[in-house]
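So the structure is just underneath, and the comments pick up after that.
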Amino acid sequence: MLLDFQKKIIESPLSILLAVIVLLSLGILTLYSITVTQGQEPPNALSKQLIFLIPAFLLMITMLLISKRIIHKYIYFVYGIILIAVMLPFFGQKIAGTYRWLNFGLPFGLQPSEIAKCVIVITLAKYLSDHNLQMKNFGSNIIPFLIALIPAFVVLSQPDLGTAFVMMMPVIPMLFWVGSRPYHLFLFVAPVFSILAASNVIVFAIWAGVMAMVIFFSRPKLWHAVGLYFGNIFLGLFFPWMWNSLRPYQQNRVLTLINPELDPLGAGYQIIQSKTALGSGGLLGKGWGQGTQTHLKFLPVQESDFIVSVIGEELGFIVLLIIMILFSWLIIKILRLALNATDRFSGLILIGISIIFLTHVFVNCAMTSGMIPVKGLPLPFISYGGSFLLSSFMMIGLIMNFGREELD
């Protein structure tokens, strides 16, 4: 048994741990700058992050050593459990105005939606690998969307738009990977783009032209093409309803993305302070522990959502570039492991995990630099967040498990 465990570890792509260790070290160093130099007494973000490192490491080892066959066999059962888990916070008390955390009477809570991301990917991988030959049919694409949509809808109701968005992101790439027709995937995403594009007349006109070309070159039946095109045009009428369904703070985030000065002390405050911190750091930064935006507490949510701004201000553009290179290498490495996977189930899991990491990195960095509306998604291994740290190390364990060249 011991020799079998050693063999699994040796055959795993251990090189990805180098990138994880560097990123984690930068995160701990930044949290130390935020908490200790500001005189924050434990329990603070740093102490909680260090505590969560222990179960996170154990969870990674568990995911590394567990049999692939066991994961494949029981993932539907685990999926059912995680559906119940993401509903449980609704029976507790609101924390920060949301129902996201399970309270166990400890100084910190557990966010089941973070673990649900991994479970959704594995569940999708099992379904798609078991029904590979059926994926050319349009109807076969519906169930994979439902697998992700059901928990995403629950999480969206908490409300947590960012996490719900991440849950849905792996579906299209995984379906494309398994051989679904691009036209069928277009049919699923077109209604969303039609509604969003209706926010601007010019954008909607461009989208209508793109949609017409896609439908024309796909050559569906005439009645199908006409119904699809004008049906999506009609969906544009739903934009005012969707806009009015947003909460006022969500509307303000979108408006201040276009012009932060509309509400410099409200919704635009975070973007303005984040850009100020990034710009003031320059090439080499002000020095560790010397960030004025950070330590004078102008920068909000600096331990998690805006930790990139802290790093940019104190350590400069060079360190941010190193972080982006490390994340790029990590994601490309996962994709290469997926290409070389010995079975479709393993390859699909690796594809899904790479998309989750990519989504977190893109959204966090784009939000910090003011490219997209502010949405709380942490940066893997760097931002504070115990539940997300558990989820991230869980995914690393799965990568090392399913990235091995030999089957169990």
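Restricting 194, 180 to residues that are assigned to a helix (DSSP H, G or I) and modelled with pLDDT under 90 narrows the list to 194. A single entry from 39, 80 fulfils the requirement of being within 23 Å of the chain's Cα centre (by Cα) and not basic (Lys, Arg): 80. Assess whether residue 80 counts as being under 30 Å from residue 289 (Cβ atoms), without any contact (Cβ under 8 Å) to a residue 60 or more places away in the chain and among the small types (Gly, Ala, Ser). It is false that residue 80 is under 30 Å from residue 289 (Cβ atoms), without any contact (Cβ under 8 Å) to a residue 60 or more places away in the chain and among the small types (Gly, Ala, Ser). Against the conditions (1) part of a loop (DSSP other than H, G, I, E, B); (2) closer than 24 Å to residue 276 by Cα; (3) of a type in the set (D, E, K, R), residue 313 satisfies every one except (1).
Residues checked against (1) out of contact with any Leu (no Cβ under 8 Å at 6 or more places or on another chain); (2) surrounded by fewer than 19 Cβ atoms within 10 Å (Cβ to Cβ); (3) among the small types (Gly, Ala, Ser):
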{"position": "170", "(1), (2), (3)": "no, no, no"}
{"position": "173", "(1), (2), (3)": "yes, yes, no"}
{"position": "182", "(1), (2), (3)": "yes, yes, no"}
{"position": "194", "(1), (2), (3)": "no, no, yes"}
{"position": "217", "(1), (2), (3)": "yes, yes, no"}
{"position": "227", "(1), (2), (3)": "yes, yes, yes"}
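Residue check: residue 80 meets all listed conditions (1) at pLDDT 85 or above; (2) more than 28 Å from residue 325 (Cα to Cα); (3) buried (at least 18 other Cβ atoms within 10 Å of the Cβ) but one, namely (3). Within segment 155-168, the only residue that satisfies the criterion of being buried (at least 22 other Cβ atoms within 10 Å of the Cβ) and assigned to a loop (DSSP other than H, G, I, E, B) is 160.
Here's the yes/no breakdown for (1) free of Cβ contacts under 8 Å to residues at least 24 places away in the same chain; (2) more than 17 Å from the chain's Cα centre (by Cα):
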site	(1), (2)
120	no, no
129	no, yes
136	no, yes
142	yes, yes
168	yes, no
176	yes, yes
189	yes, yes
204	no, yes
216	yes, yes
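Using the structure shown, decide if residue 160 is of a type in the set (Asp, Glu), touching a residue at least 60 places away in the same chain (Cβ under 8 Å) and touching a helix residue (DSSP H, G or I) at 6+ places or on another chain (Cβ under 9 Å). In short, yes. Screening residue 388 on (1) of a type outside the set (Val, Ile, Thr); (2) part of a loop (DSSP other than H, G, I, E, B); (3) crowded, with 24+ Cβ neighbours inside 10 Å shows it passes everything except condition (2). Taking (1) outside any loop (DSSP other than H, G, I, E, B); (2) at pLDDT below 95 in turn, residue 353 satisfies each apart from (2). Among residues belonging to segment 354-374 that are out of contact with any Phe, Trp or Tyr (no Cβ under 8 Å at 6 or more places or on another chain) and among the β-branched types (Val, Ile, Thr), point out the one that is farthest from residue 324 (Cα to Cα). Only one residue tops the list, namely 374.
Scanning segment 363-385 for residues that are in a helix (DSSP H, G or I) and within 18 Å of residue 26 (Cα to Cα) yields 364, 365, 368.
What do you reckon, is residue 10 modelled with pLDDT under 90, within 30 Å of residue 341 (Cα to Cα), more than 21 Å from the chain's Cα centre (by Cα) and of a type in the set (A, V, I, L, M, F, W, C)? So residue 10 fits the description; yes.
For segment 49-68, the criterion of being without any contact (Cβ under 8 Å) to a residue 60 or more places away in the chain, touching a helix residue (DSSP H, G or I) at 6+ places or on another chain (Cβ under 8 Å), under 17 Å from residue 115 (Cβ atoms) and surrounded by 15 or more Cβ atoms within 10 Å (Cβ to Cβ) is met by no residue. Among the conditions (1) in contact with a helix residue (DSSP H, G or I) (Cβ under 8 Å, 6 or more places away or on another chain); (2) in a helix (DSSP H, G or I), the only one that residue 13 does not satisfy is (2).
The values are calculated or read from the model by the stated rules, or taken from the named source; none is laboratory data. These figures come from a predicted structure and were not determined experimentally. Positions of Cβ are generated from backbone atoms using ideal geometry, with glycine treated the same way; all protein chains shown enter the neighbour counts.
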